[in-house]
Amino acid sequence: MTNITDAEEAGFSSDLTHSTTFGSSVQGYVRRVRGGDMGALPSVLGLVVLFIVFGLANDRFLSNLNMANLATQSGSIIILAMALVPVLLLGDIDLSAGVAGGASACVMGLAIVKHGQPWGVAVLAALLTGAVIGFIIGALVAKLGIPSFVVTLAFFLGLQGVTLKLIGEGGSVRVNHPVISGIANSNMSVLWGWITAAAIATGFAVLSLLRHRRKVAKGLQHEPMAVVVSHILAVVAILVVVTYILNQNRSVNANFPISGIPYVIPLVIVLLIIWTFILGRTTWGRHVYAVGGNAEAARRAGINVDRIRISVFVACSTMAALSGIVAASQVGKVSTSSGGGNVLLYAVGAAVIGGTSLFGGKGKASDAVIGGLVIATIANGLGLLARASYINFLVTGGVLLLAASVDAISRRRRSATGM
């Protein structure tokens, strides 16, 4: 059903490879890269290059203030890209995810402003709206056999009409509830920022060590302890650096200090942990990779392919609703253009740039995070350089085309080497 590369992308690489030393693990990784299994390596290297180039071109790019702005700007795109990963794993596409998020956020805004509902009820209504949209799309694709491109294109157009009907032409709904607006515009205290970072680092370290110990005890193939420790140290280093930078005062007005981690960052981290677990450690996640790798083989193995396909679209639109809520929090309103324009294209681009394959069966939730940062960094860096808008489109389009080309070439090399 799935080849070794697909399983490794799902997080099962330690079950399938056996290395006794750190050096042999590195050699194995190099062999996989040469064989076409590059994963997120190109996007990580690209992100490093972008940071170096923009950092040298403008001294404000690496400032505490801009790093916080970059995190906030990338939040909604990362979440929407994360929503698209399961759909792309099946080799499908959801062109309506952006406007589905906008329509769902519209429901939330109207529930708060016009109907006086508590923010929790309004958010739940938005998420249910997204789930219903996804169920209808999934049913049309799975049960009637209509290509996902056609179905979601129709919903892309239709949902914009729904939002227009709810709000009114040229209108908007202000989202000024403190909890909702605080998602993208408020920060954790410095103390809680460090506590959160320590908790995440400790949790990751404990789970990694326990998993390694369990595999050793059961005689399963496992990574060397040096590799496990290096992963832990890398995560801890990233958490410490990010937390330190964002906990510094970044206000341009000495009378009004601003410090702390924006709430959107822990939200993205929680979603990343959840989706990494779902895709890599649950039966449903394994079935998604199986269907994406070979739907017919998955069906013969007893997997309900239609159910998997419907559930994937439900998950996508529900996550899209959450992305729409974050976007509404950032701009402070929901309008008839929410989720439209290039929002969906940026999200698809983020997932593909991060390493998720358009051919299905290959990708991870972390791809959305890395790709979303690449997309946001390009827009943020070019904005600081005061370049014309068309340059942003050209550069982003070029990066996406390059990522798709790397994916296609990698796929050919994996087929040629039998990986």
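Conditions (1) farther than 30 Å from ALA111 by Cβ; (2) of a type in the set (Ser, Thr, Tyr); (3) at pLDDT below 90, marked per residue:
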{"position": "CYS316", "(1), (2), (3)": "no, no, no"}
{"position": "GLY324", "(1), (2), (3)": "no, no, no"}
{"position": "GLY339", "(1), (2), (3)": "no, no, yes"}
{"position": "LEU344", "(1), (2), (3)": "no, no, yes"}
{"position": "ALA368", "(1), (2), (3)": "no, no, no"}
{"position": "TYR390", "(1), (2), (3)": "yes, yes, yes"}
{"position": "LEU394", "(1), (2), (3)": "yes, no, yes"}
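Would you mind stating whether LEU157 is loosely packed, with under 15 Cβ neighbours inside 10 Å, assigned to a helix (DSSP H, G or I) and among the aliphatic types (A, V, I, L, M)? For LEU157, the condition - loosely packed, with under 15 Cβ neighbours inside 10 Å, assigned to a helix (DSSP H, G or I) and among the aliphatic types (A, V, I, L, M) - is met. Selection within the range 252-262: residues that are surrounded by fewer than 20 Cβ atoms within 10 Å (Cβ to Cβ) and in contact (Cβ under 8 Å) with a residue 12 or more places away in the chain. The member of this set that is nearest to ALA199 (Cα to Cα) is SER259. As for the range 279-287, it holds at least one residue that is among the small types (Gly, Ala, Ser) and at pLDDT 90 or above. Filtering the range 263-300 to residues that are over 21 Å from the mean Cα position of the chain (by Cα) and not in a helix (DSSP H, G or I) leaves only ASN294. Whether any residue in the range 91-100 is polar (S, T, N, Q) and part of a loop (DSSP other than H, G, I, E, B) is what I want to check. There is at least one residue in the range 91-100 that is polar (S, T, N, Q) and part of a loop (DSSP other than H, G, I, E, B).
Annotation note: Cβ proximity below 7 Å between a residue of the range 358-385 that is within 19 Å of VAL406 (Cα to Cα) and part of a loop (DSSP other than H, G, I, E, B) and a residue that is modelled with pLDDT of 85 or more and among the aromatic types (Phe, Trp, Tyr) (sequence gap 6+ or interchain) occurs for GLY361/TYR289. Going through (1) within 16 Å of ALA320 (Cβ to Cβ); (2) touching a Gly at 6+ places or on another chain (Cβ under 9 Å); (3) part of a helix (DSSP H, G or I) one by one, GLY138 falls short only on (2). Within the range 276-283, the presence of a residue that is touching a Pro at 6+ places or on another chain (Cβ under 8 Å), surrounded by 19 or more Cβ atoms within 10 Å (Cβ to Cβ) and within 22 Å of LEU166 (Cβ to Cβ) is excluded. Taking the conditions exactly as written (closer than 19 Å to PHE51 by Cβ, of a type outside the set (Val, Ile, Thr), modelled with pLDDT under 80 and out of contact with any strand residue (DSSP E or B) (no Cβ under 9 Å at 6 or more places or on another chain)), does LEU384 satisfy them or not? When the stated conditions are applied, LEU384 does not pass them. Per the conditions (1) surrounded by 19 or more Cβ atoms within 10 Å (Cβ to Cβ); (2) at pLDDT below 70; (3) not aliphatic (A, V, I, L, M), the sole criterion not satisfied by PHE54 is (2).
Yes/no per residue for (1) surrounded by 15 or more Cβ atoms within 10 Å (Cβ to Cβ); (2) under 24 Å from PRO118 (Cα atoms); (3) of a type in the set (Lys, Arg); (4) over 23 Å from the mean Cα position of the chain (by Cα):
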position: ALA131; (1), (2), (3), (4): yes, yes, no, no
position: PHE135; (1), (2), (3), (4): yes, no, no, no
position: ALA139; (1), (2), (3), (4): yes, no, no, yes
position: GLY145; (1), (2), (3), (4): no, no, no, yes
position: THR152; (1), (2), (3), (4): yes, no, no, no
position: LEU166; (1), (2), (3), (4): yes, yes, no, yes
position: ASN176; (1), (2), (3), (4): no, yes, no, yes
position: SER181; (1), (2), (3), (4): yes, yes, no, no
position: ALA184; (1), (2), (3), (4): yes, yes, no, no
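Among residues of the range 216-262 being of a type in the set (D, E, K, R) and within 29 Å of the chain's Cα centre (by Cα), the one that is nearest to GLY75 (Cα to Cα) is ARG250.
The values are calculated or read from the model by the stated rules, or taken from the named source; none is laboratory data. In this text the structure is predicted, and so the values were computed from the model without any measurement. Here the Cβ is made from the backbone with ideal geometry for all residues, glycine too, and neighbour counts use every protein chain on show.
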